[in-house]
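Quick notes on the structure that follows.
All of the numbers you see were taken from the coordinates with simple rules; none came from a lab. Note that the structure is predicted; figures quoted are calculated from it, not measured. Quick reminder, even Gly has a Cβ in these numbers, built from the backbone with ideal geometry, and neighbours come from all protein chains shown.
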Amino acid sequence: MLAASAAPRLSIAAPGASPSAALTDVANFRAARRFAELPFGRIAYVERGVGPKTALFLHGAPLNSFQWRGAIERLSPYRRCIAPDFMGLGYSEVPAGQSLAASAQADMLAALLDKLGAGTVDIIASDSGGAVAQLFLLRYPQRVRSMMLTNCDIEPHSPPKEIAPVLEMARKGTLADDTAKWLTDKAMARATFGAAVFHNPAQLTDEIIEYYAAPLVSSPLRRTQYHEFHNALSPNPLAGIESQLRRSTVPVRMVWGASDTIFTIADARYLDQLFPRSQGIRAIPEGKLFFQEEFPDIIAEEARKLWQV
């Protein structure tokens, strides 16, 4: 294990930076990537910052931990920041047959934190990572200090009906082929996927699209696991958890992209009413599903308020 103090420094380009700056951003993030050997496989992660308190960043699909680079840059002075790639996404390498369900992802996170010597964490999560965060909270309640949830699954809305076409492609085994087209037609990737989930899809440079899409289609096994990850999103992995979450004593803050057509602000209101120690909602008017990547200053500002630092 690489000691936290020895972790390579991430040099993060600002949102809207030039393509050359973004390339440096990708290259530096790639260089900072490490692997933890776990019973689940080789789990890719990036770590930055030192200190007694740890923040755990959980990405959405089909992204990977690169989603959080801006937030990590801003929050590493206050927390030891750990951002893993989920099994079946990103650069984590797991064997055929390994469960990719949200419950298995939660157990993988616990094993990763044990491996890295991290105890209690402040979770920041997005999209399907938010579903894993909720399950992690219930399975390991003593390990969660606080939780920031951004546009993500909730029990009554998981998997969201809005992604039914994606789930159908995964079921039929064509989703990887569709995603592979992003690598040969990056303008199309920005005009379709990018426009759906980013306020400014132009920020998805060719290098960023490569970093996100390439590992998902890099081998027959990875293509199969990409499909299996999505197949594991149904039936609802959060079924039956509402009553348990109502008993949680963890402070939870919702920071929500209000222009998202998948997880709308109504989902944030549900969570606000659900958690006894909800710290309320901050709505980002122009934010879509993956606004966290475009507005890292907001994520950092809200995390510091939640952490009271």
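Things worth noting here:
- Using θ = phi - 60° and Karplus 6.51 cos²θ - 1.76 cosθ + 1.60, couplings along the stretch 110-116 (whole Hz; Gly, Pro as x): 4, 5, 5, 4, 4, 4, 8
- Label-point separation in nm, residue 244 to residue 184, each point 7 Å along Cα→Cβ: 4.5
- Spin-label pair residue 162/residue 308, simplified geometry with 7 Å Cα→Cβ offset, distance in nm: 3.5
- Cα-centre dipole for the stretch 20-115 with unit charges at Cβ (Lys and Arg positive, Asp and Glu negative), debye to 20: 320
- Within the chain, percent of DSSP bridges classed antiparallel, to nearest 5: 30
- Convex hull projection area averaged over all views, the chain, Cα basis, nm²: 13.7
- Whole-Hz ³J(HN,Hα) from phi, Karplus 6.51 cos²θ - 1.76 cosθ + 1.60, for the stretch 286-294, glycine and proline x: 8, x, 9, 3, 10, 4, 4, 6, 8
- With the alpha-carbon atoms of the stretch 182-309 aligned to their principal axes, the span from lowest to highest coordinate is 47, 33, 27 Å, starting with the largest.
- Taking each residue as 0.36 nm, the span from residue 221 to residue 103 lengthens on full extension beyond its C-alpha to C-alpha distance by 40.4 nm.
- Added length on full extension, which subtracts the Cα-Cα distance from 0.36 nm per residue, residue 37 to residue 111: 25.7 nm
- Given 181/288; 161/288; 186/288; 186/305, the pairs whose alpha carbons are separated by over 28 Å: 186/305
- Counting only Cα atoms, the size of the stretch 51-152 along its three principal axes is 38, 28, 25 Å, in decreasing order.
- Cα lying deepest toward the dipole's positive end in the stretch 187-298, options 211, 234, 256, charges on Cβ: 234
- Cut-off under 5 Å, modelled amide H: who pairs with residue 41 long-range: none
- Unit Cα scatterers, Debye sum, the stretch 111-242: log10 I(q)/I(0) for q = 0.13, 0.14, 0.21 Å⁻¹: -0.69, -0.80, -1.28
- Cβ-based exposure ranking for 246, 74, 190, in which fewest neighbours within 10 Å come first: 246, 74, 190
- Using R0 = 51 Å, the C-beta based FRET efficiency linking residue 172 and residue 277 works out to 0.75.
- Ordering 157, 227 from the fewest to the most neighbouring beta carbons within 10 Å gives 157, 227.
- Less than 5 angstrom separates the built amide H of residue 144 from those of 121, all sequence-distant by 5 or more or on a different chain.
- Distances between placed amide hydrogens fall under 5 Å for residue 88 paired with 94, all partners being 5 or more residues away or on another chain.
- Comparing 134, 77, 67 along the charge dipole axis of the stretch 37-181, the residue lying farthest to the positive side is 77, per the Cβ-charge model.
- Net length available on complete extension from residue 192 to residue 142 is 13.9 nm, with 0.36 nm assigned per residue and the Cα-Cα distance removed.
- The 3J(HN,Hα) values that the Karplus relation (6.51, -1.76, 1.60; θ = phi - 60°) gives for the stretch 41-51 are, in residue order, x, 8, 9, 7, 7, 10, 10, 8, x, 9, x Hz. Gly and Pro appear as x.
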